[in-house]
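Student: Sharing a structure below in structure tokens format, with a few things to ask.
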Amino acid sequence: MELNINTKRILVLHGPNLNLLGTREPEIYGNLTLNDINEILETRAKELGVDEINFLQSNFEGELVEAIQKARGRYDFILLNAAALTHYSIALRDAIAAIPVPVIEIHLSNVHKREEFRHKSVIAPVVMGQICGFGIDSYIAALEIAIRKLRRS
Ligand code: DQA
């Protein structure tokens with residue numbers, strides 16, 4: 001099998017309660033559903049020449065840990081909105097640290113403007129960077145940055 005070193009494969013992971021987007025606290029998270037967000041990202045990814053973009057939402061920490069573990073050798077970048085797990089999941093932090101795939105941390109809301117328990121991200125020290133506070137544009141910016149990084153690598 002020929003190895004295509006220019007192939008760009010991106011995994012988007014959404015954590016607990018993000019399946020409720022659209023109806024969940026719209027004043028904080030907006031009116032787009034998770035499906036809307038995924039469709040917008042898929043369209044943008046195609047425009048930018050991404051070969052493959054896949055999406056997973058889970059309310060279960062272990063399922064996200066497994067998805068991160070399996071991303072090794074399969075994906076070039078992970079875009080992760082770990083939702084509430086951001087603030088306390090050492091298991092997620094360790095999974096990210098265990099694989100060489102770069103991760104961008106995303107939040108729809110500006111977590112630093114909200115309750116104090118949201119100010120701490122236990123995954124921040126092991127991700128490439130964090131984008132928060134821009135709604136859907138947090139995801140789009142993360143996608144564009146990932147592609148820019150891949151083009152340069
Ligand atoms: C969130 C922020 C988290 O604090 C919260 O638990 C979420 C969503 C965001 O996208 O703004 O579920 O990650």
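Student: State all residues of the range 1-21 that are at pLDDT 95 or above and either of a type in the set (V, I, T) or touching a Gly at 6+ places or on another chain (Cβ under 9 Å) (or both); if no residue qualifies, say none. First the steps, then the outcome.
Tutor: Of the residues in the range 1-21, the ones at pLDDT 95 or above are 9-21.
Scanning the range 1-21 gives I10, V12, L21.
Student: Being closer than 20 Å to I68 by Cβ and more than 9 Å from the ligand (Cβ to nearest atom) is the filter here; which residues of the range 128-146 pass it?
Tutor: Initially, the range 128-146 is screened for residues closer than 20 Å to I68 by Cβ, giving 128-132, 138-139, 142-143, 145-146.
If the condition is that a residue be closer than 20 Å to I68 by Cβ and more than 9 Å from the ligand (Cβ to nearest atom), then M128, G129, Q130, I131, Y139, A142, L143, I145, A146 are the ones that fit.
Student: Select the helices (runs of 4 or more DSSP H) contained entirely in the range 1-88, then report the ones holding at least 1 residues which are surrounded by 14 or more Cβ atoms within 10 Å (Cβ to Cβ), within 13 Å of the chain's Cα centre (by Cα) and not polar (S, T, N, Q).
Tutor: Details: elements: 26-29, 34-47, 61-70.
Answer list for the range 1-88: 34-47, 61-70.
Student: Now for a separate question. Limited to the range 97-127, what total is found for residues that are away from the ligand (no atom under 11 Å from the Cβ) and either surrounded by fewer than 22 Cβ atoms within 10 Å (Cβ to Cβ) or among the acidic types (D, E) (or both)?
Tutor: Within the range 97-127, residues that are away from the ligand (no atom under 11 Å from the Cβ) and either surrounded by fewer than 22 Cβ atoms within 10 Å (Cβ to Cβ) or among the acidic types (D, E) (or both) number 12.
Student: Quick one: is N81 at pLDDT 95 or above and touching a His at 6+ places or on another chain (Cβ under 7 Å)?
Tutor: yes
Student: N38 - would you say it is in contact with a Phe, Trp or Tyr (Cβ under 9 Å, 6 or more places away or on another chain), within 16 Å of the ligand (Cβ to nearest atom), among the polar types (S, T, N, Q) and within 18 Å of I140 (Cβ to Cβ)?
Tutor: yes
Student: Out of the range 1-35, which residues are more than 16 Å from the ligand (Cβ to nearest atom) and in contact with a Phe, Trp or Tyr (Cβ under 7 Å, 6 or more places away or on another chain)?
Tutor: Hits for the range 1-35 are R9, I10, L11.
Student: If you go through the range 89-114 one residue at a time, how many are closer than 21 Å to I147 by Cα and either acidic (D, E) or assigned to a loop (DSSP other than H, G, I, E, B) (or both)?
Tutor: 6
Student: Where residues in the range 128-148 are in contact (Cβ under 8 Å) with a residue 40 or more places away in the chain, surrounded by fewer than 19 Cβ atoms within 10 Å (Cβ to Cβ) and not aliphatic (A, V, I, L, M), which of them is nearest to I37 (Cα to Cα)?
Tutor: Once the filter is applied, the top-ranked residue is G135.
Student: May I pose another question? Out of the range 69-84, which residues are over 23 Å from R24 (Cα atoms) and either in contact with a Ser or Thr (Cβ under 9 Å, 6 or more places away or on another chain) or more than 16 Å from the ligand (Cβ to nearest atom) (or both)?
Tutor: Answer for the range 69-84, where residues must be over 23 Å from R24 (Cα atoms) and either in contact with a Ser or Thr (Cβ under 9 Å, 6 or more places away or on another chain) or more than 16 Å from the ligand (Cβ to nearest atom) (or both): Q69, K70, A71, R72, G73, R74, Y75, D76, F77.
The values are calculated or read from the model by the stated rules, or taken from the named source; none is laboratory data. Note that the structure is predicted; figures quoted are calculated from it, not measured. Note: ideal-geometry Cβ built from the backbone for every residue, glycine included; neighbour counts use all protein chains shown.
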